[in-house]
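So the structure is just underneath, and the comments pick up after that.
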Amino acid sequence: MDLIAGLIQTAILAGGVLALAALGEVLAERAGVVNLGVEGLMALGAITGIAAVVAVPSPMLGFALALLVGLAVGMVFATATVIVRANQILCGLALTLMGTGVAAMIGKAYSGIPAPATFPPIAIPLLSELPLVGRALFTQNILVYLIYLVLPFCIHHLLFRTRHGLDLRAVGENPAAADAAGIPVRRIRFWYVSVGAAFAAGAGAYLTLAFVPSWSEGVVAGRGWIAVALVIFAGYRPWTAVMAALLFGLITSLGFVGQARNWPIAAPVLSMLPYLGTIALMIVPVLAWQKVRRLMAAPAALGEPYFRDVR
Amino acid sequence: MAIRIQRVPSESLAGGVAARLVAIVLALVVAAIVFAFTGADLGKLGSHVLKSTFGSRFGLMDLGLIMTPLTLTGLAVMIALKVGAWNIGAEGQFCAGAFAATAVALFVPGPNVVVLPLMFVAGALGGMIWILIPTLARAYADVSELITTLLLNFVGVLLIYYVATGPWLDPSGVSFASTARLPHDVPSFWGDVHWGLPLAILLTIAVAAVLNFTRWGYEVRIAGSNPNAARYAAIPFRRHLIVVMLMSGAIAGLAGMLEAAGTAHRLQGGISNNFGYIGIMVAVLARGSAIGVIAGAALMAIILKSGISLQTQGVNISTVLAITGLILFFTALADELSHYRIVRTKEA
């Protein structure tokens, strides 16, 4: 039973990184912009978080600074992809290379230092005393509650229950029609891409302030890409994305548990699990449920820059 | 008379190339400014770079050695782009090629003339197998090959790390993260520079010739630029997609084989050295031409070699990755901006 509780606890903690990054990507992609720079943004957020808490031991401050860095870098990315309308795939790959490279450059000085302050777990009274899963579910840090409950609720409400959310989705589905209806296409794309980037950087800070918690080169280890894959798998929906992130967290935690319990599988092989699992989860549902495909389809104008005068 | 900025659907070749050159120079200038801010002596760094690249025989040899895998990974990404597929997984296919070739070298006994060709085949096959699942997933289930190929990079790097530190670890105990020296080498023709370099260049020219001057190449290019048009013209889009993606994987695998058997002479952790990712940059710079791939690989080899040599001057090797990203970013901007031109129009 301890095994299962531990598995769930780690799964939730590990999935939180992916969930936050994926929620940011949901916002950007719903607006029609694919941001492949998540991996780089996470690296930047991760190093910002650790550098901040080494200077001032406040995890909140570190997390907030990472969000700001993400927002700023996201605005540069949005300027390139939404205002200049350069190729989104190239800009995203460039952002991933730059972010990973710059974070590694700065990170040399912080390598291996454990974060002097981290987000402490908060036990929710009564609920955390439930048998079996109580501790696993309700003794988590504050970001976990925020990422798994507050954010998906807010984003779901925004996307599907407000006029503004309808505008946002219209921009991603058919920018020309949205434009004709008077919706400010560029402004919406610009801000949601930037905010999405801030989420990605926040996910990086979560990694170094709540999950690992220290910096080492390659600490992001493809989680940004897994988050991008997860958004597709989740059909661009916030609640589904969070649940999918939890599933991926479970795969990751299986690897951890395996290492901790000395399963007769080599550590590098266990480390492959999240990547192989992601690929399997991208392929299997498409083959298994043909009918779901249309429901889970990407926004129609995803990845396409919008030119008002070109038809 | 009024002046107005107009977007044209396709830019001129000269304009596009000029915009890219400006982008590369700008990116390097930005990098230099950042260096200057961190208190580096630019003059000293610059002279060190020149000395360690063009200034010595060893520098030039290293450039040749680095250019070999970059030419091939660049070619791999470029041909996939021709059919409209993003092979971001050259890094993983590179690892798989190096892995397969090393397996043959270590476990197949025999004379050089037999084993070396087998290693070539194994390298290409390794890369091909590595891209097989992303290829089929894209062709039959429309799963984004960009993400699946990329995710396999991490698996490839872990695989190399696993065998080089575990089952295939050098039994002599000299190293903790590499196999024993491989018993077969790709022969050299100039110092350390092996025949992989001319092979890579010839292969690039040959592939470009096939793409540009054969019916098959024409169909691939049509399929890549407009899948719907291809379908109407009864061009088998799916078949071309699969064949070209497998070729792309094989070429990247070959790069890994040459690196293991020609340059490193062993399989070791970190052998892929971001060659796959920098190959994306090479392919983007190449704009689909063979000369572009070779020139792009030369440029990126100079940058990578500069980064490696500057490590002795306290510059972090990750700088290379950051600068590559910067160049890619400015290139993407330049590509779009070169579509605009200023026209004078008469007032109506």
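Only the coordinates and a few stated rules stand behind these numbers; no lab work does. Given the structure is predicted, the values throughout are model-derived calculations rather than measurements. A quick note on method: Cβ atoms are made from the backbone with ideal geometry, for glycine too, and the neighbour counts reach across all protein chains shown.
Laid out as a table, the results:
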item	result
Most mobile of B:Ala27, B:Ala36, B:Ala209 in a GNM of chain B (Cα contacts under 10 Å)	B:Ala36
Cβ-placed point charges (K, R +1; D, E -1), dipole of the protein assembly as shown about Cα centre in debye, nearest 20	1420
Separation between Cα centres of the range B:174-248 and the range A:38-76, rounded to whole Å	41
Relative contact order [Cα under 8 Å, 6+ residues apart], the range B:57-314, whole percent	39
Estimated [θ] at 222 nm from DSSP helical runs (n ≥ 4, -39500 (n - 2.57)) normalised by residues in the protein assembly as shown, nearest 500	-22500 deg cm²/dmol
Total formal charge among the other residues, if their Cβ is under 12 angstrom from that of B:Thr263, Lys/Arg +1 and Asp/Glu -1	-3
Positive-end residue, the protein assembly as shown charge dipole about Cα centroid, Cβ charges, pick of A:Gly182, A:His164, B:Thr149	A:Gly182
Partner chain coverage, peptide B:330-339 - average Cβ within 10 angstrom	5
Compactness of the protein assembly as shown - radius of gyration and Dmax, Cα, Å	24.9, 84
Given charges at beta-carbon only (K, R positive; D, E negative), |dipole| of chain B in Debye	860
Rounded to whole Hz, the Karplus (6.51, -1.76, 1.60) HN-Hα couplings of the range B:55-64, x for glycine and proline	x, 9, 4, 5, x, 5, 4, 4, 4, x
Phi to ³J(HN,Hα) by Karplus 6.51 cos²θ - 1.76 cosθ + 1.60 over the range A:36-53, Hz, x for Gly, Pro	8, x, 3, 4, x, 4, 5, 4, 5, x, 4, 6, 4, x, 5, 5, 5, 6
Candidates A:Thr81, A:Thr48, A:Thr278: whichever shows maximal mean-square fluctuation once chain A is modelled as a Gaussian network with Cα springs under 10 Å	A:Thr278
Of every Cα-Cα pair in chain B, the percent that sits beyond 28 Å	47
Options B:Leu136, B:Gln6, B:Ala96, ranked by Cα towards positive dipole end of the range B:1-158, top entry (Cβ charges)	B:Gln6
Size of electric dipole in the range B:43-171: Cβ of Lys, Arg +1 and of Asp, Glu -1, about Cα centre, debye, nearest 20	380
Among B:Leu65, B:Ala297, B:Asn226 - extreme Cα towards positive end, dipole of the protein assembly as shown, charges at beta-carbon	B:Asn226
GNM result for chain A, Cα springs below 10 Å: residue of A:Leu276, A:Leu158, A:Leu126 fluctuating most strongly	A:Leu126
Within straight-line cross-link reach of B:Lys51, aspartates and glutamates at Cα separation under 14 Å, skipping those fewer than 8 residues along the same chain	B:Asp62
Prolate/oblate/rounded label for the range A:27-133 (Cα gyration tensor, a/c 1.5)	oblate
Burial ranking of peptide ranges A:221-227, B:94-100, A:195-201 (average Cβ count within 10 Å, highest at the top)	B:94-100, A:195-201, A:221-227
